[in-house]
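Colleague: To start, I am sharing the structure in question, which I have written as structure tokens.
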Amino acid sequence: MKDHTLDDTVLADLTALRRDLHAHPELGFEEHRTSEIVAHRLEAAGLEVTRGLGGTGVVGTLRRGTGNRAILLRADMDALAMPEATSLPHASRSPGKMHACGHDGHTVMLLGAAEALAATGGFSGTVHFVFQPAEEGRGGGAAMVADGFFDRFPVEAAYGLHNMPGLDLGMIAAVEGPQLASSDSWKVVFRGIGSHGAKPHQGRDAVTAAGIFLGQVHSIVAREIDPLQPAVVSACALQAGDFAALNVIPDTVRVGGTARAYSPEVRNQLEEAIGRHARGVAAGFGIVADYHFTRRIPPVVNASATTVLAQNAVRKHLGETHLRTTFPASTAGDDFAEFGCRVPGCYVWLGMGETRPNGQHHNTNYDFNDACIPYGVAFWCAVVREELG
Ligand SMILES: [Zn+2]
Ligand SMILES: [Zn+2]
């Protein structure tokens, strides 16, 4: 008998809560109802609870024994601003808001683990259960860090989990190295001197400079980044001039785009290189380029020791057949990276089994599969027992 069985009444309770959260989705930094439910249940289970960290974030702290090591386990609580089309009895009751990424399930599985560990112990040390707001592009992880998370809750390791439709039910993919890309944005403003379209020699042409830059910027990935390292630079917005004034060369041209990488080194290279090309082209035209690179989400890169620990936790407590040590990296991002880039971390995928029709993440037909709740709870408990056993 392995550890991934939950008492029937516990499973029924967690399933009911998951469906309740699904029916009442809240967007990033608006998770007032959700975080209140979480905080209330953590308190009822006997944990020390910190509310309002990074807005609507909640941290539940559980100490047992004399061990002086501390770790964090993180779940996200927010929903997406999109309609739901599942027609399920527990479908969203808030038009235009939907738990289409399964963060309702993440919240419930971590809460279930906190309640189970509070009841049974079996470890020596401190576990901080982190319920993070605003994972979906609104910066909840960064907000918790800026609010002093690591000063108030020093930890030696960070663990995260995300459901994965299509991966076999109850399978845990714990893979060393890059898992999710960084997601950053950049903007360049070419500042020239506008002129009559018939008299370009009287000005300094920012439009032609921007055109040269748009071609040249793709040489960064092709010629500067290690060919064995994934990287993306895309220009996604371009703004200049006026189609009602086709005899006017404008003063300025704005260009913006995204940059993605799987390693901190490549991320740094992209930031430096895009600006260098912009300024270099501008200098060639005798104009200036204002450059801004905004770091939005770091890459999620699983450290070796924490990954091995997570793998061993699965082997011992769920069984070897529940472990996958290879799984493709994703081009999406997850701001678990805000924790996992500051201490050694491991972010795993939890298999949800076959998807509903069109039931992939961020689809209007997505629903979290409650059948994977016992495996998620078991994984969290297993990590704590491995780390602090
Ligand atoms: Zn998502
Ligand atoms: Zn998600």
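All of the numbers you see were taken from the coordinates with simple rules; none came from a lab. Model, not experiment: these values are computed from the prediction. Neighbour counts run over all protein chains shown; Cβ positions are idealised from the backbone, glycine included.
Colleague: Please report, in debye to the nearest 20, how large the charge dipole of the range 30-148 is about its Cα centre when each Lys and Arg carries +1 at its beta carbon and each Asp and Glu carries -1 there.
Modeller: Working: 10 positive and 13 negative charges, 66 e Å.
Dipole about the Cα centre, nearest 20: 320 debye.
Colleague: Once label points are set 7 Å from the Cα along Cα→Cβ at both Glu354 and Thr9, what is their separation, rounded to one decimal in nm?
Modeller: Calculated label separation equals 3.5 nm.
Colleague: Among His201, Ala259, Thr294, pick out the residue whose Cα is farthest towards the positive end of the charge dipole of the range 183-297, where Lys and Arg carry +1 and Asp and Glu carry -1 on C-beta, about the Cα centre.
Modeller: Checking the options against the dipole of the range 183-297, the answer is His201.
Colleague: Of Phe243, Phe190, Phe293, which has the largest mean-square fluctuation in a 10 Å C-alpha GNM of the chain?
Modeller: In this elastic network of the chain, the residue with the biggest mean-square fluctuation among Phe243, Phe190, Phe293 is Phe243.
Colleague: Can you give the charge dipole size of the chain about its Cα centre, rounded to the nearest 20 debye, using +1 on the beta carbon of Lys and Arg and -1 on the beta carbon of Asp and Glu?
Modeller: Details: 32 positive and 42 negative charges, 178 e Å.
Once rounded to the nearest 20, the dipole reads 860 debye.
Colleague: What is the extension gain from Ala81 to Ala198, computed as 0.36 nm multiplied by their sequence separation minus the C-alpha to C-alpha distance, in nm to one decimal?
Modeller: Details: separation 117, 0.36 × 117 = 42.12 nm, distance 4.78 nm.
Computed gain between Ala81 and Ala198 is 37.3 nm.
Colleague: Going by how many other Cβ atoms sit within 10 Å of their own, how do Trp186, Trp349 line up, fewest first? Write down the numbers at each step before the final one.
Modeller: On the way: Trp186 23, Trp349 20.
Lowest to highest Cβ neighbour count: Trp349, Trp186.
Colleague: In addition: How far is helix 206-216 tilted, in degrees, relative to the longest principal axis of the Cα atoms in the chain, given as a value from 0 to 90 rounded to the nearest 10?
Modeller: Compared with the principal axis, the helix lies near 50 degrees.
Colleague: Please give the length that would be gained between Asp242 and Asp20 if that part of the chain were fully extended, namely 0.36 nm times their separation in residues minus their C-alpha to C-alpha distance (nm, one decimal). Please list the in-between numbers first.
Modeller: Values: separation 222, 0.36 × 222 = 79.92 nm, distance 5.10 nm.
Between Asp242 and Asp20, full extension yields 74.8 nm more.
Colleague: Against the longest alpha carbon principal axis of the chain, how many degrees, from 0 to 90 and to the nearest 10, is the axis of helix 8-23 turned?
Modeller: Compared with the principal axis, the helix lies near 30 degrees.
Colleague: Now a separate question. For the range 183-297, take N as its residue count and report Rg(C-alpha) divided by 2.2 N^0.38 Å. Numbers along the way, then the final one.
Modeller: Values: Rg = 15.2 Å, N = 115, 2.2 N^0.38 = 13.4 Å.
Ratio of Cα Rg to 2.2 N^0.38 Å: 1.14.
Colleague: Considering the dipole of the range 183-297 built from charges on the beta carbon (Lys and Arg +1, Asp and Glu -1) around the Cα centre, which of Trp186, Leu214, Val248 is farthest to its positive end?
Modeller: Checking the options against the dipole of the range 183-297, the answer is Val248.
Colleague: At 222 nm, what helix-only mean residue ellipticity would the chain give, in deg cm²/dmol to the nearest 500, using -39500 (n - 2.57) for each DSSP H run of four or more?
Modeller: On the way: 10 runs with 124 residues, N = 389.
My calculation for the chain gives -10000 deg cm²/dmol from helical runs alone.
Colleague: Hey, another quick one. How would you rank Thr107, Thr307, going from fewest to most other Cβ atoms within 10 Å of each one's own Cβ? Present the calculation step by step, with values, prior to reporting the outcome.
Modeller: Numbers: Thr107 26, Thr307 21.
Fewest-to-most Cβ neighbours within 10 Å comes out as Thr307, Thr107.
Colleague: Follow-up question, since we're still on this one. Among Ala209, Ala142, Ala378, whose mean-square fluctuation peaks in a Gaussian network model of the chain (Cα, cutoff 10 Å)?
Modeller: Evaluated over the chain, the most mobile residue of the options is Ala209.
Colleague: So, one more: Between the range 87-140 and the range 295-328, what is the C-alpha centre distance in whole Å?
Modeller: 19 Å
Colleague: With a cut-off of 8 Å between alpha carbons and a minimum separation of six or more residues, what is the relative contact order of the range 108-256 in percent?
Modeller: Details: 120 pairs, mean separation 32.7, N = 149.
Result for the range 108-256 is 22 percent.
Colleague: Determine the relative contact order of the chain: mean sequence separation of Cα pairs under 8 Å and six or more apart, normalised by residue count, in whole percent.
Modeller: Numbers: 919 pairs, mean separation 96.3, N = 389.
The value is 25 percent.
Colleague: Taking 0.36 nm per residue of separation and subtracting the Cα-Cα distance, what length does fully extending Ser234 through Asp147 add?
Modeller: Details: separation 87, 0.36 × 87 = 31.32 nm, distance 3.24 nm.
Length difference between fully extended and current span is 28.1 nm.
Colleague: Taking the Cα centre of the range 183-297 as origin, sum charge times position over the Cβ atoms of Lys and Arg (+1) and Asp and Glu (-1), and report the length of that vector in debye to the nearest 20. Please list the in-between numbers first.
Modeller: On the way: 12 positive and 10 negative charges, 25 e Å.
Dipole size: approximately 120 debye.
Colleague: Within 10 Å of each residue's Cβ, count the other Cβ atoms and sort Cys236, Cys372, Cys346, Cys341 from fewest upward.
Modeller: Details: Cys236 10, Cys372 24, Cys346 29, Cys341 21.
The most exposed by this proxy come first: Cys236, Cys341, Cys372, Cys346.
Colleague: Using all Cα-Cα distances in the chain, what percent lands in each 20 angstrom bin from 0 up to the longest?
Modeller: 27, 49, 20, 4, 0
Colleague: Quick one: the Cα spread of the range 257-352 along its three principal axes, in angstroms, biggest first?
Modeller: Result for the range 257-352: principal-axis Cα extents of 65, 25, 16 Å.
Colleague: Write out the trypsin sites (Lys or Arg not before Pro) in the range 65-111 meeting two conditions: DSSP loop, and at most 11 other Cβ atoms within 10 Å of their Cβ. Display every interim value, and only then the final one.
Modeller: Numbers: sites: Arg69, Arg74, Arg93, Lys97; in loops: Arg69, Arg93, Lys97.
Listed in order of number, the matching sites are Arg93.
Colleague: Additional query: Could you state the angle between the C-alpha long axis of helix 304-317 and the longest principal axis of the C-alpha atoms of the chain, as a value from 0 to 90 degrees rounded to the nearest 10?
Modeller: The helix 304-317 is inclined about 30 degrees to the chain.
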